[in-house]
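> Okay, here's the structure, questions in a sec.
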Amino acid sequence: MQALGALDLTGPEAIGFAQRISANDVASLADGDWHWNCVLSPQGRVLSFFRLWRRSEEQLTLILPAASRSATGALLTRYLLRAKVRIAEEGNAIVAGEANLLDTNPTRMTSSDGRWLGLSPPGEHESGEPQELTHAWQIRDLAQGVPWLMPGAAESFTPQALSLERLKAFSVRKGCYPGQEIVARMHFLGQNKRSLRRFAAAGPITAGSPLFVPALASRVVGHVVSTVANDGGMELLAVVQGAAADQPIFADEACSTALRTLDFEAPPLPVQLVGLAKG
């Protein structure tokens, strides 16, 4: 994932529409607030994962990988029916930086890790082309366990397999939404058998690649979600079966060099800034 894009939902029914189709409690947001969220298939698989920003009572902005923006727009359009909502790709670019706690800019969303994202000021990035994130930003997202899905990974994982509970990205109590019954059953009955893990690899590896444990009968124990090159090797996030928790895990079928397990850093969560302008 190299760049983020924005998708706008506007209209008098925008909040209600997002509440019905997404997995988190949109109705709990105040103007100016944001949270992590996702849209699931009826089978409880993640179709799209994003930050959802309530900018006003009639405007929501989804911030997600630019490569997934058009597909997510088409997905939401299929759920529209007669809802009074307009779905449009936001023309302004997403900008990123370190938070200034004294900043009252209403076009920024701030995270608990001291970073912010927002829309470019008027007159900047007029083309609306996605602005590439810095390498340091991508490494930090990966270290925090933010599982940005590549376009081909839609419907591959449940929110529990992606460990989205760390990001408070779904609710099991807010009411019905596509996939809610399956997500709630996995939550309350403890049926999830996979989770997100962070690794370092010595050589190149791509998103979607299988991971192996030769000692287990199935051998394939997980798949890579996202990668970033770092210090001559790679860091990666992967969804891995619980049965492989204490086993050496390899990124190639020859099982030549085991991946090195890395701990997650604290996840980036929304913060409320005193005096932050809303809008």
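> With a 1.4 Å probe and all protein chains kept in place, how much accessible area does residue 36 have, in Å² rounded to the nearest 10?
Roughly 0 Å² of residue 36 is accessible to a 1.4 Å probe.
> Determine the shape class of region 128-279: with a ≥ b ≥ c the square roots of the Cα gyration tensor eigenvalues, call it rounded for a/c under 1.5, and otherwise prolate if a/b is greater than b/c, oblate otherwise. Display every interim value, and only then the final one.
Working: a/c = 2.11, a/b = 1.23, b/c = 1.71.
Judged from the Cα gyration tensor, region 128-279 comes out oblate (a/c at least 1.5, b/c at or above a/b).
> With θ taken as phi - 60° and the coefficients 6.51, -1.76 and 1.60, list the Karplus ³J(HN,Hα) couplings across region 35-46 in order, rounded to whole Hz; mark glycine and proline as x.
Once rounded to whole Hz, the list reads 8, 6, 7, 7, 10, 10, 7, x, 8, x, 9, 6.
> Something else: Mind giving me the FRET efficiency for residue 255 and residue 155? R0 is 25 Å, r the Cβ-Cβ distance, nearest 0.05 is fine. Don't skip to the answer; put the middle values down first.
Values: r = 29 Å, r/R0 = 1.16.
Efficiency computed from Cβ-Cβ geometry: 0.30.
> Then there is this: Any idea of residue 112's accessible area? Nearest 10 Å², probe 1.4 Å.
Surface open to solvent at residue 112 totals about 70 Å².
> Please give the calculated 222 nm ellipticity per residue for the chain, where each DSSP H segment of at least 4 residues contributes -39500 (n - 2.57) and the sum is spread over every residue; nearest 500 deg cm²/dmol? Show your work: numbers first, answer last.
Details: 4 runs with 39 residues, N = 279.
So the calculated ellipticity at 222 nm is -4000 deg cm²/dmol.
> Moving on. Determine the share of region 148-274's accessible area contributed by carbon and sulfur atoms, expressed in whole percent, with a 1.4 angstrom probe. Working shown, then result.
Numbers: 3390 of 6340 Å².
Ligands and nucleic acids excluded, carbon and sulfur reach 54 percent.
> When ligands, DNA and RNA are left out and all protein chains stay put, how many square angstrom of accessible area per residue does the chain have with a 1.4 Å probe? List each step's numbers first, then the result.
On the way: 12660 Å² over 279 residues.
On a per-residue basis, the chain sits at 45 Å².
> Okay, next question. Quick one, could you list the DSSP H helices from the chain stretching 15 Å or more along their long axis (Cα atoms) with average Kyte-Doolittle hydropathy of -0.5 or above? Write out the running numbers ahead of the final one.
Working: long enough: 69-80 (17 Å, 0.18).
The qualifying helices are 69-80.
> Let me ask something else about it. Give the residue from 179, 144, 209 lying farthest towards the positive end of the charge dipole for region 132-231; charges sit on Cβ (+1 for Lys and Arg, -1 for Asp and Glu) and the dipole is referred to the Cα centre.
Checking the options against the dipole of region 132-231, the answer is 179.
> Still on this structure, please answer the following. Given a Förster radius of 30 Å and the C-beta distance between residue 136 and residue 173 as r, what FRET efficiency does 1/(1 + (r/R0)^6) yield to the nearest 0.05?
Working: r = 37 Å, r/R0 = 1.23.
That pair, residue 136 with residue 173, gives E of 0.25.
The values are calculated or read from the model by the stated rules, or taken from the named source; none is laboratory data. Note that the structure is predicted; figures quoted are calculated from it, not measured. Backbone-built Cβ (ideal geometry, glycine too); neighbour counts: all protein chains shown. These area figures cover heavy atoms from the full protein model, side chains too; ligands, DNA and RNA do not enter into them. Shrake-Rupley method; radii C 1.70, N 1.55, O 1.52, S 1.80 Å.
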